[in-house]
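**Student:** Quick one: the structure is below, and I'll ask about it shortly.
Values in this text are rule-based calculations from the coordinates and carry no lab data. Keep in mind that what you see is a predicted model, and the values were worked out from it rather than measured. Note: ideal-geometry Cβ built from the backbone for every residue, glycine included; neighbour counts use all protein chains shown.
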Amino acid sequence: MSIRSAGPAAVPTAEELEKWQNLWSRVCVERDEALDRLALAEARIGGLHQRVTDIGSAANADSQLSGAIINELEQKVRDLTNQVASLKAQVEAAKLETPA
């Protein structure tokens, strides 16, 4: 069934089109902001990973930190990395669901 045969109710009004365009614009802005936050989180995790690596090196050199503390810190970094990867996958999936 074509739009013409469906009658005037099937043709959106200018007001409806504007509403949907505004909504779409907000979705795109929110998606871009989420991607920016994700990039920031990835950068922070990279910094945390470097600090854990540095702590591990210092602990090996000084023998003051136990292996359990280092393992716990490394596990926390892995957990954060997995969370960011999951969020990134969700954002990518959302991008695929919405047309550009």
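**Student:** List pairs: first residue in the stretch 24-39 and closer than 19 Å to Ala85 by Cβ, second residue exposed (fewer than 12 other Cβ atoms within 10 Å of the Cβ) anywhere in the structure, Cβ distance under 8 angstrom, at least six positions apart or on different chains.
**Tutor:** Close Cβ pairs satisfying both conditions: Arg31/Thr98.
**Student:** Between residues in the stretch 84-99 that are within 21 Å of Leu48 (Cβ to Cβ) and residues that are acidic (Asp, Glu) and surrounded by 12 or more Cβ atoms within 10 Å (Cβ to Cβ), which pairs lie under 7 Å by C-beta distance while being six or more apart or on different chains?
**Tutor:** Correct list of pairs: Val84/Glu42.
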